[in-house]
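**Student:** First, the structure itself, so that you have it in front of you.
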Ligand code: PSU
Ligand code: MN
């Protein structure tokens, strides 16, 4: 009894710094208010085939740098929340067969049990928010899956809890896009179309679903996000960017491979955390690599846009502070 009590009180006093390691490069950028872009690791470990996964992860980091920001790839290594990875650590995530896919519910277990794991959109945005990173680039967010069970990605509630700019190409066609769009609206997540009027559908540049606003520059997106921070409104600013034109998957190919892929998942009873990686890899096989090409192109493009938004936020931070629009009515 006594032991248990002592153990308990020790754990109660644990803090986030007991579990968190940030590279000095990312930390000094954050301290000095320079632009940083968070990147997820599930796409590296489970979203893309090898060896193009590692190549893409490296390219995405370089693109963020070229655009003027510091990349902070996030993962869990040996039970540590890691913000910013060394090249050999990135390689480990991209090549080791024992990297778990960690969503929100898994995070405490991963820390306590000292796992190695890749972070999803949900966990990456949570960790990024905790350390004060404001912009996060990914491929596509999770959403409401099709099918009978209401399988809703933890990405959605996490986006509602953290005030982060999340740059993505919408949700994947394998999801129930209408239900996903409704969920975002209900939960107060602002959907920004970056050069588009409809919400992109990952492999497709367009969908029948509206965005809340069309912007044409990183500065416009940055201003919308900053307004959100200024008033303390929780939830993400979801900046949706269409896949580059030359990598878009034609509709005929998409509809053909989609039916086949969803049927396979149902037949093989693929569920839970396996479902999204399964759907992505089967679609790529059925489309002769067309969806994979699109996936890589949009990841790289989103990294560029995210970095430019991070730069705009950093450039204007001082100005926003100085000119906050608090109107005091005069008598
Ligand atoms: N989109 C991709 N590749 C991916 C994912 C999304 O193009 O690998 C990953 C992201 O990490 C996202 C996760 O958070 O899939 C969603 O999985 P689930 O539906 O199990 O929540
Ligand atoms: Mn799920």
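**Student:** For residue 236, are the conditions met, namely being more than 16 Å from ligand 2 (Cβ to nearest atom) and surrounded by fewer than 15 Cβ atoms within 10 Å (Cβ to Cβ)? Quick ask: steps written out before the conclusion?
**Tutor:** On the way: more than 16 Å from ligand 2 (Cβ to nearest atom): yes; surrounded by fewer than 15 Cβ atoms within 10 Å (Cβ to Cβ): no.
Judged against the criteria, residue 236 is not a match.
**Student:** Kindly check whether there is at least one residue in the stretch 70-84 that is surrounded by fewer than 16 Cβ atoms within 10 Å (Cβ to Cβ) and either under 20 Å from the mean Cα position of the chain (by Cα) or within 16 Å of ligand 2 (Cβ to nearest atom) (or both).
**Tutor:** No: zero hits.
**Student:** Now a separate question. Sort through 58, 114 and tell me the only one that's assigned to a loop (DSSP other than H, G, I, E, B) and at pLDDT 95 or above. Break it down stepwise before answering.
**Tutor:** Values: 58 fails: assigned to a loop (DSSP other than H, G, I, E, B).
The match here is 114.
**Student:** Let me ask something additional. Kindly indicate whether residue 133 is buried (at least 24 other Cβ atoms within 10 Å of the Cβ) and either in a loop (DSSP other than H, G, I, E, B) or on the phi < 0 side of the Ramachandran plot (or both). Talk me through it step by step, then tell me what you get.
**Tutor:** Working: buried (at least 24 other Cβ atoms within 10 Å of the Cβ): yes; either in a loop (DSSP other than H, G, I, E, B) or on the phi < 0 side of the Ramachandran plot (or both): yes.
Against the criterion (buried (at least 24 other Cβ atoms within 10 Å of the Cβ) and either in a loop (DSSP other than H, G, I, E, B) or on the phi < 0 side of the Ramachandran plot (or both)), residue 133 qualifies.
**Student:** Is it the case that the stretch 297-308 has a residue that's buried (at least 20 other Cβ atoms within 10 Å of the Cβ), over 19 Å from the mean Cα position of the chain (by Cα) and in a helix (DSSP H, G or I)?
**Tutor:** Checked against the condition, which is being buried (at least 20 other Cβ atoms within 10 Å of the Cβ), over 19 Å from the mean Cα position of the chain (by Cα) and in a helix (DSSP H, G or I), the stretch 297-308 yields no hits at all.
**Student:** State all residues of the stretch 151-173 that are in contact with a helix residue (DSSP H, G or I) (Cβ under 6 Å, 6 or more places away or on another chain) and within 12 Å of ligand 2 (Cβ to nearest atom); if no residue qualifies, say none.
**Tutor:** Within the stretch 151-173, 154, 155, 156 meet the criteria.
**Student:** Let me ask something else about it. Can you find even one residue in the stretch 254-272 that is modelled with pLDDT of 90 or more, within 14 Å of ligand 1 (Cβ to nearest atom), under 21 Å from the mean Cα position of the chain (by Cα) and on the phi < 0 side of the Ramachandran plot?
**Tutor:** So far as the stretch 254-272 goes, no, none of its residues is modelled with pLDDT of 90 or more, within 14 Å of ligand 1 (Cβ to nearest atom), under 21 Å from the mean Cα position of the chain (by Cα) and on the phi < 0 side of the Ramachandran plot.
**Student:** Count, please, the residues in the stretch 145-166 that happen to be within 11 Å of ligand 1 (Cβ to nearest atom) and either under 16 Å from residue 306 (Cβ atoms) or buried (at least 16 other Cβ atoms within 10 Å of the Cβ) (or both).
**Tutor:** From the stretch 145-166, those within 11 Å of ligand 1 (Cβ to nearest atom) are 145, 151-159, 166; that's our starting set.
If we keep only those that are either under 16 Å from residue 306 (Cβ atoms) or buried (at least 16 other Cβ atoms within 10 Å of the Cβ) (or both) as well, we get 145, 151-156, 158-159, 166.
Residues flagged as within 11 Å of ligand 1 (Cβ to nearest atom) and either under 16 Å from residue 306 (Cβ atoms) or buried (at least 16 other Cβ atoms within 10 Å of the Cβ) (or both) within the stretch 145-166 amount to 10.
**Student:** Restricting to the stretch 174-206, count the residues that are part of a loop (DSSP other than H, G, I, E, B) and in contact with a helix residue (DSSP H, G or I) (Cβ under 6 Å, 6 or more places away or on another chain). Working first, answer last.
**Tutor:** Step one: of the stretch 174-206, the residues part of a loop (DSSP other than H, G, I, E, B) are 174, 176, 187-189, 195-197, 199-200, 202-203, 205-206.
Pick out the ones that are also in contact with a helix residue (DSSP H, G or I) (Cβ under 6 Å, 6 or more places away or on another chain) and you get 174, 187, 189, 203.
Residues that pass the stated criteria total 4.
**Student:** Then there's this: May I ask you to say which residue of 179, 201 is within 16 Å of ligand 1 (Cβ to nearest atom), free of Cβ contacts under 8 Å to residues at least 40 places away in the same chain and surrounded by fewer than 21 Cβ atoms within 10 Å (Cβ to Cβ)?
**Tutor:** Values: 201 fails: surrounded by fewer than 21 Cβ atoms within 10 Å (Cβ to Cβ).
Sole residue among the options that is within 16 Å of ligand 1 (Cβ to nearest atom), free of Cβ contacts under 8 Å to residues at least 40 places away in the same chain and surrounded by fewer than 21 Cβ atoms within 10 Å (Cβ to Cβ): 179.
**Student:** Whether any residue in the stretch 52-65 is farther than 21 Å from residue 168 by Cβ and either crowded, with 22+ Cβ neighbours inside 10 Å or over 19 Å from the mean Cα position of the chain (by Cα) (or both) is what I want to check.
**Tutor:** The answer is no, given that none of the residues of the stretch 52-65 is farther than 21 Å from residue 168 by Cβ and either crowded, with 22+ Cβ neighbours inside 10 Å or over 19 Å from the mean Cα position of the chain (by Cα) (or both).
**Student:** Moving to a separate point now. Do we have residue 211 as touching a helix residue (DSSP H, G or I) at 6+ places or on another chain (Cβ under 8 Å) and either under 30 Å from residue 30 (Cα atoms) or away from ligand 2 (no atom under 16 Å from the Cβ) (or both) here?
**Tutor:** On the way: touching a helix residue (DSSP H, G or I) at 6+ places or on another chain (Cβ under 8 Å): no; either under 30 Å from residue 30 (Cα atoms) or away from ligand 2 (no atom under 16 Å from the Cβ) (or both): yes.
In short, no.
**Student:** Then there is this: Of the numbered conditions (1) under 28 Å from residue 162 (Cβ atoms); (2) modelled with pLDDT of 95 or more; (3) within 15 Å of ligand 1 (Cβ to nearest atom), residue 313 fails exactly one; give the number of that condition.
**Tutor:** Condition not satisfied by residue 313: (3).
**Student:** Could you check the stretch 262-280 and list, in sequence order, the residues that are within 11 Å of residue 146 (Cβ to Cβ), touching a helix residue (DSSP H, G or I) at 6+ places or on another chain (Cβ under 8 Å) and in contact (Cβ under 8 Å) with a residue 24 or more places away in the chain? Quick ask: steps written out before the conclusion?
**Tutor:** Initially, the stretch 262-280 is screened for residues within 11 Å of residue 146 (Cβ to Cβ), giving 262, 265-266, 275, 279.
Narrowing the set further to residues that are touching a helix residue (DSSP H, G or I) at 6+ places or on another chain (Cβ under 8 Å) leaves 262, 265, 275, 279.
Once the filter is applied, which keeps residues that are within 11 Å of residue 146 (Cβ to Cβ), touching a helix residue (DSSP H, G or I) at 6+ places or on another chain (Cβ under 8 Å) and in contact (Cβ under 8 Å) with a residue 24 or more places away in the chain, the stretch 262-280 yields 262, 275, 279.
**Student:** Give me the residue from the stretch 167-176 that is at pLDDT 95 or above and near ligand 1 (Cβ under 10 Å from one of its atoms) and, out of that set, nearest to residue 101 (Cα to Cα).
**Tutor:** For the stretch 167-176, the residue satisfying everything is 168.
**Student:** Sort out which residues of the stretch 229-244 are out of contact with any strand residue (DSSP E or B) (no Cβ under 6 Å at 6 or more places or on another chain) and either assigned to a loop (DSSP other than H, G, I, E, B) or closer than 19 Å to residue 137 by Cα (or both), and write them in order of number. Write out each step before concluding.
**Tutor:** Going residue by residue through the stretch 229-244, those that are out of contact with any strand residue (DSSP E or B) (no Cβ under 6 Å at 6 or more places or on another chain) are 229-235, 242-244.
Within the stretch 229-244, 229, 232, 233, 234, 235, 242, 243, 244 qualify.
**Student:** Do any residues in the stretch 139-157 that are at pLDDT below 90 have Cβ atoms under 8 Å from those of residues that are part of a loop (DSSP other than H, G, I, E, B) and more than 10 Å from ligand 2 (Cβ to nearest atom), where the two are at least six apart or on different chains, and which pairs are they?
**Tutor:** 146/174; 146/176
The values are calculated or read from the model by the stated rules, or taken from the named source; none is laboratory data. On a predicted model such as this, the values are computed, not experimentally measured, just so you know. Methodologically, a virtual Cβ is constructed for each residue, glycine included, from the backbone with ideal geometry; neighbour enumeration extends over all protein chains shown.
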